[in-house]
Amino acid sequence: MAEDPQRNFRSAYYEKVGFRGVEEKKSLEILLKDNPLDVEKLCTFSQRFPLPSMYRVHVWKVLLGILPPHSDSHTLVAGYRREQYEDVLEALQVMRFIHGTTPQVEVYLRMFQLEAQELPRRSELLPPGDEDEDFLAIGKAMEEIVEDSVDCYWLIKCFVNQFNNKFGDSIPHMPKSLEYYLGLEDARLLAHLKSCSALSKLPYNLWFRRCFAGCFPESSLQRVWDKVISGSCKILVFVAVEVLLSYKIMLMGMSRPEAIVQFLSNIPQENTDAIVTKAIDLWHKYCGTPMHSV
């Protein structure tokens, strides 16, 4: 599809005067009027542009299969989702797995375990363990993005399931991908991380299993999750590369792997929007930009 010069001019003008995304918002609104919704076009849009905050949760629910493509059915299906949520919640209350003081994110965990038939016996019930930390981190981040508890639970559940089912086999290979792309962008930084034995100890779980939940504030995180939910786990590699590039000067001054890992596990929060923007540019540079979806 040929690029529209007039559209490119308008987009450049809007961005210059501070209205970046005006055209994209209009394009998304057109897509959302389709019935049935074209999920493939919504994926392409989400890969190419950040989702406007007012539509983000709705688009995520469609992409994750929580709502069907047929808009006529959304109210009915949303009602079924709420009923299922309430039934599972009530079952856990009756079995005394949760009570009034149980943290909400732990409630989501027990609901997830019950539906997956992984709920421990009550006699063996312990506080959430290390194996639950990835779910809890994603759950806590989702709580900050989504207000409604029913929507929040379904988004956590479907996000975690989709990520594990679709990308689970790719996660072990992501550190090698990071090494490859970091070598292309900054061979000196890569050599330094190797020489002080830090490369193998980077916070890969935080980055690749938790999808940066607990690392970035939600305003930055949701832009990364737009790409993950719409079908790309590789964006996580480029975000990690950009984190390393953004703090190159600081990292080059460290020689202890423990200090490097400690710093990268608790990066400053004020620079994360710029990191995500550069990471998306890097991702498009190496993986290409999806064709415009409208």
Can you give me the Rg/Rh ratio for the stretch 113-170, using Cα atoms for both radii and the Kirkwood formula for Rh?
1.00
Quote the FRET efficiency, to the nearest 0.05, computed for Leu184 versus Glu147 with a Förster distance R0 of 30 Å and r equal to the Cβ-Cβ distance.
0.15
The chain: longest segment with zero exposed GluC sites (Glu not before Pro), where exposed means DSSP loop plus at most 12 other C-beta atoms within 10 Å, is residues 148-269
Can you send over the carbon and sulfur percentage of the accessible area for the stretch 223-294, probe radius 1.4 Å, protein chains only?
56
Assuming R0 = 35 Å, can you tell me the calculated FRET efficiency for the pair Lys176 and Ser53, based on Cβ-Cβ distance, to the nearest 0.05?
0.50
Short version: ³J(HN,Hα) in whole Hz for each residue of the stretch 176-183, in order, from phi by Karplus 6.51 cos²θ - 1.76 cosθ + 1.60 (θ = phi - 60°), x for Gly and Pro, what are they?
5, 5, 4, 4, 5, 6, 5, x
What part of the accessible area of the stretch 153-208, given as a whole %, is carbon or sulfur when the probe is 1.4 angstrom?
50
Dividing the alpha-carbon radius of gyration of the stretch 140-255 by 2.2 N^0.38 Å, where N counts its residues, gives 1.15
Report ³J(HN,Hα) in whole Hz for each residue of the stretch 265-273, in order, from the Karplus equation J = 6.51 cos²θ - 1.76 cosθ + 1.60 where θ = phi - 60°; Gly and Pro get x.
7, 9, 5, x, 8, 7, 10, 6, 4
Ratio of alpha-carbon Rg to the 2.2 N^0.38 Å globular estimate for the stretch 145-209, to two decimals, please.
1.53
Mind pulling the per residue volume of the convex hull built on the Cα atoms of the stretch 196-257? Å³ is fine.
85
Mind checking the per residue accessible area of the chain for me, 1.4 Å probe, whole number of Å²?
51
Step through the table entries Lys26/Lys234; Lys41/Lys157; Lys41/Lys140; Lys25/Lys278; Lys33/Lys227; Lys140/Lys285, compare each Cα-Cα distance with 26 Å, and write down the pairs that go over it.
Lys26/Lys234; Lys41/Lys140; Lys140/Lys285
Send over the Kirkwood Rh of the stretch 235-294, from the inverse of the averaged 1/r over different Cα pairs, rounded to one decimal Å.
12.8
What is the calculated FRET efficiency for Arg96 to Asp38, with r their C-beta to C-beta distance and R₀ = 45 Å, to the nearest 0.05?
0.45
For the chain, max minus min Cα coordinate along each principal axis, in Å, sorted largest first?
58, 53, 32
At 7 Å along Cα-to-Cβ for each site, give me the label-to-label distance between Lys26 and Asn165 in nm.
3.8
Solvent exposure, largest accessible area first (probe 1.4 Å, DNA, RNA and ligands not counted), of Tyr286, Tyr153, Tyr247, Tyr55:
Tyr286, Tyr55, Tyr247, Tyr153
With θ set to phi - 60°, apply the Karplus curve 6.51 cos²θ - 1.76 cosθ + 1.60 along the stretch 101-113 and write out the HN-Hα couplings as whole Hz, x wherever there is a Gly or Pro.
9, 5, x, 4, 5, 6, 4, 4, 4, 5, 4, 4, 5
Ratio Rg/Rh, restricted to the stretch 74-119 and using Cα atoms, in which Rh is the Kirkwood radius:
1.02
How are the alpha carbon pair distances in the stretch 44-151 distributed across 10 Å bins from zero to the largest one, expressed in percent?
12, 39, 33, 14, 3
For Asp132, tell me the accessible area in Å² from a 1.4 Å probe, rounded to the nearest 10.
20
When every protein chain stays in place and a 1.4 Å probe is rolled, Met111, Met250 sorted by accessible area with the largest first are Met250, Met111
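The values are calculated or read from the model by the stated rules, or taken from the named source; none is laboratory data. Just so it is clear, the structure is predicted and the values come from calculations on it, not from any experiment. Backbone-built Cβ (ideal geometry, glycine too); neighbour counts: all protein chains shown. The accessibility values were calculated without ligands, DNA or RNA, using every heavy atom of the protein model including side chains. Shrake-Rupley method; radii C 1.70, N 1.55, O 1.52, S 1.80 Å.
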